[in-house]
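See structure below.
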Amino acid sequence: MHIDRYERNWMRIGIITLVVFAAFVFIAGFALGFQVPGDYERVNPQTVTESGPFADPGIREISPGTYEAYIIARAWSFDPREITIPKGSKVTFYVTSVDVQHGFKLQGTNINMMVVPGQVSKLTAVFDKPGTYDYLCTEFCGAGHAAMYGSLTVEQ
Ligand code: CUA
């Protein structure tokens, strides 16, 4: 079958582009540790704060150096607004919304997820560098959106 030279070159460019993009996905996923936020659990946004871990949001140590952070997003604040952990901690964040759609982005980390009422979003990060990491709402959620933030402090 005869394929025109230009046609063949365009096919080559297409295949090379696919291979390059696939390489980026693998590098991001395996070398840089990018994670896709999981729809970890379905919950009822009206009752999620009445019992279970979201009844007492905050950080808890589940084994030495390993923590779980339960965070509630609501217009227009995060509960808790401040979290403190020691350096080297591995923290899994569980975030849910009790009203509208919010976002949860933790500056300086790979944590960036949508927070949807009715589901729990979950991602994990390790904090080796002391400092303050702000978490922000990244989905426009109304008049107080710009004031919806909190901070995580990694102690020395
Ligand atoms: Cu919550 Cu924007």
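Observations, loosely collected:
- Residues (open to solvent by 80 Å² or more (accessible area, probe 1.4 Å), closer than 17 Å to Met114 by Cα and either without any contact (Cβ under 8 Å) to a residue 24 or more places away in the chain or within 16 Å of the ligand (Cβ to nearest atom) (or both)) located in the stretch 24-73: Val36
- Taking the stretch 86-120 as the range and being of a type outside the set (Val, Ile, Thr) and either within 13 Å of the ligand (Cβ to nearest atom) or free of Cβ contacts under 8 Å to residues at least 12 places away in the same chain (or both) as the test, the residues that pass are Ser97, Asp99, Gln101, His102, Gly103, Phe104, Lys105, Met113, Met114, Pro117.
- If you go through the stretch 137-147 and keep only what is surrounded by fewer than 18 Cβ atoms within 10 Å (Cβ to Cβ) and in a loop (DSSP other than H, G, I, E, B), you end up with Thr138, Glu139, Phe140, Gly142, Ala143, Gly144.
- Selection status of Gln35, closer than 23 Å to Gln156 by Cβ and not hydroxyl-bearing (Ser, Thr, Tyr): no
- Taking the numbered list (1) modelled with pLDDT of 95 or more; (2) open to solvent by 40 Å² or more (accessible area, probe 1.4 Å) in turn, Asn110 passes all entries but (1).
- In the stretch 122-136, the count of residues that are within 11 Å of the ligand (Cβ to nearest atom) and open to solvent by 10 Å² or more (accessible area, probe 1.4 Å) is one or more.
The values are calculated or read from the model by the stated rules, or taken from the named source; none is laboratory data. Quick caveat, the model's predicted, so the values are computed rather than measured. When we count neighbours, we look across all protein chains shown, and the Cβ atoms used for this are built from the backbone with ideal geometry, even at glycine. Only protein heavy atoms, including side chains, enter the accessible area calculation; ligands, DNA and RNA are left aside. Shrake-Rupley method; radii C 1.70, N 1.55, O 1.52, S 1.80 Å.
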